[in-house]
Amino acid sequence: MEKLDLTTPNFTNENIAKLAELFPNCVTEKKNDIGEVVHAIDFDALRQEFSDTIVEGTQERYSLNWPGKREALVTANTPISKTLRPCRDESVDFDTTKNIFIEGDNLDALKLMQETYLNKIKMIYIDPPYNTGKDFVYKDNFTVGKSEYEEVSGQIDAEGGRLVSNPDSNGRFHSDWLSMIYPRLRLARNLLRDDGAIFISVDNEQANMKRLCDEVFGEDNFVECISWNKRIPKNDKGIGNIHEYVLLYVKNRDSKLEFTMRKDGLDDIYNLLEQLKRKKTSLDQAENNIKKLYKKNGYDRGITLYNSLDKNYKLWGKINMSWPNADTFGPTYDVFHPNTGSVVKVPDRGWRWKKETFDAAAKYEDGEYQDIQELHDGSYLCGKIWFAPDENTQPSSVTYLDDVNNFLLRSILSLKSDGGVEVENLFEGKSYFSYPKPTSLLRVLFSSNMAKGDILLDFFSGSGTTAHAVMQLNAEDGGNRSCISVQLPEQVNEKSEAFKAGYKNISDISIERIRRAGKKIKEDNADKEGIENLDIGFRVFKIDSSNMVDVHLPPDEAHPDMFEEHVGNIKKDRSSEDLLFQVLLDWGVDLSLPINREDIEGKEVFFVDGNALAACFDEDINEDFVKKLAEKQPLRVVFRDDGFTSDSVKINVEQIFKLKSPATDIKVI
């Protein structure tokens, strides 16, 4: 039986294989660090392939470069032997939820997700560190020290003197920051669907982030740099700044994506409509309530136009049918009232539309209106034309709010919501985060191009605003979008309010914020139809070392006791569920699929997504058990390599499945 590899993909080898298909003459061989002969790329030959003249020496070219870039790329391509360990106690609705929260370094998390979520994420949103010059949280092993940076970048001469002043602001922090974000963006791009998009919040590193994203995603895939107005202006440079930025890139411009959003400030309107509809409030009273809300919120005329309701409680408004140009005249023709049959009043300058267009909108065929709806005030709707109770008033065309509610996402967003207040309201007025993003901003971004069942990823989760916004958006429109959040367990300051409240790290606060937000959303929408189906749960995973024992020791570190310690190949502190999720990662199975446990012949068996995968990591597996399991006919099955009662049983496993379930793929760990 084939053993599972249980490591992340080796992107270096994959990239070499891709180049070998295009340029076989550029593939050579070399010895690696342990003396094995492996494939490699002859870069001189590869450079020559892209030139019609002889290539000699380094050529000038347009690029973004910095000390540590090559090391960052190597780190992105280097596989790791780690896993995700499930934490049921910290999770909510573990067995049924589609949402995931991963605690750990997001570079490791992105590598672990490469098999499972390759080309499956519809949208990514990140709010990475803004690089204010303070110490970094994500100090990857390739980040250069100050002295090394100065040497590599040429900031010191042979005698150790500085070549430029203020080297921190002139590069070192920029290089560290770029080296941190570069490999993460490369790995994230792999996860996006072909019709996927990424939103990146950024401030003082906006210029570098734009150039870096041009390299990673392609300059042609840049969509827009969106400015959004914060509530509180920042004034540390002599000018009040209320702007931050969101870069928008798509995976593939050929997808021709269109980003649309709901009009600002309409949540109250739609919530009120839902309540009026459920309570079966009379239409005239409902209209009065809508108009009062318009006045209270101070909506502009573009919204107050939609202040009438049809029999289905849908908001609509009237548009004048008179010819708009005062210097010319439009067509004139007879329009008959749907009730009296008399000719209605013709506008002074003629009609806005020609007769064919009017008749089509009014559904007027063969001398009759095909769809007449009498309204509560005695007026009439015929298709999308409104008529007064009699022929003495000029008719108007009708536009429904739902028809115009979605419009193109704008490059400038103005939002009143305060993210800090939102978090404080969840934590009894305590302020645990500085400047968290408001959910209103994220709901606008997410609703612009996400279908109701899509997956969203945020690998700089921070306070958990993204997960909160996804749940809120699903509550608003009945969607079932799922969210994957990743957050480093960065320790909080011991003098902070969060530490005093018992929170040791950022991920703890984030998890609690998501838990409280989900509960509040359900409470606030308790009377909404279908709210009981809203997914407010999440599976918590923590990044840890592999479940498998590392037996690759150099000879000088070997000792007699190690043989007894390493009789089994699985670490003693790992559970069967730990092993299951490492198998799911290696096999590329969705981590949010439903999991059931069954007892078969006294053995614990996990069934993932029905019969998609069966896993048993118990010991003393015998043929009777294998026969019972084979009768279930799972698509895939996995055992412990040392879990069989004898070698003969292990040999017979494949034969048993060939007889009872020939389509089953069998592997061991």
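The values are calculated or read from the model by the stated rules, or taken from the named source; none is laboratory data. Predicted, not measured: the structure shown is a model, and the values here were computed from it. Note that we place each Cβ from the backbone using ideal geometry, even for glycine, and neighbour counts take in every protein chain shown. Accessible surface areas use protein heavy atoms only, side chains included; no ligands, DNA or RNA. Shrake-Rupley method; radii C 1.70, N 1.55, O 1.52, S 1.80 Å.
Numerical summary
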item	result
Segment 290-318: number of residues that are at pLDDT 75 or above and surrounded by fewer than 14 Cβ atoms within 10 Å (Cβ to Cβ)	2
Which numbered condition L247 fails, given (1) open to solvent by less than 40 Å² (accessible area, probe 1.4 Å); (2) aliphatic (A, V, I, L, M); (3) at pLDDT below 80	(3)
Failed condition for Y432, given (1) at pLDDT below 90; (2) not in a loop (DSSP other than H, G, I, E, B)	(2)
Number of the condition not met by W386 [criteria: (1) touching a strand residue (DSSP E or B) at 6+ places or on another chain (Cβ under 8 Å); (2) modelled with pLDDT of 90 or more; (3) closer than 30 Å to N289 by Cβ; (4) assigned to a loop (DSSP other than H, G, I, E, B)]	(4)
Of all residues making up segment 365-378, the number that are more than 47 Å from the chain's Cα centre (by Cα) and either surrounded by 14 or more Cβ atoms within 10 Å (Cβ to Cβ) or more than 21 Å from S308 (Cβ to Cβ) (or both)	5
Output for segment 618-644, where each listed residue is under 33 Å from the mean Cα position of the chain (by Cα) and closer than 16 Å to N569 by Cα	V638
Members of segment 184-232 found to be closer than 19 Å to L457 by Cα, open to solvent by less than 10 Å² (accessible area, probe 1.4 Å) and in contact with a Lys or Arg (Cβ under 9 Å, 6 or more places away or on another chain), listed by number	L187, L191, L192, G196, A197, I198, S201, V202, F217
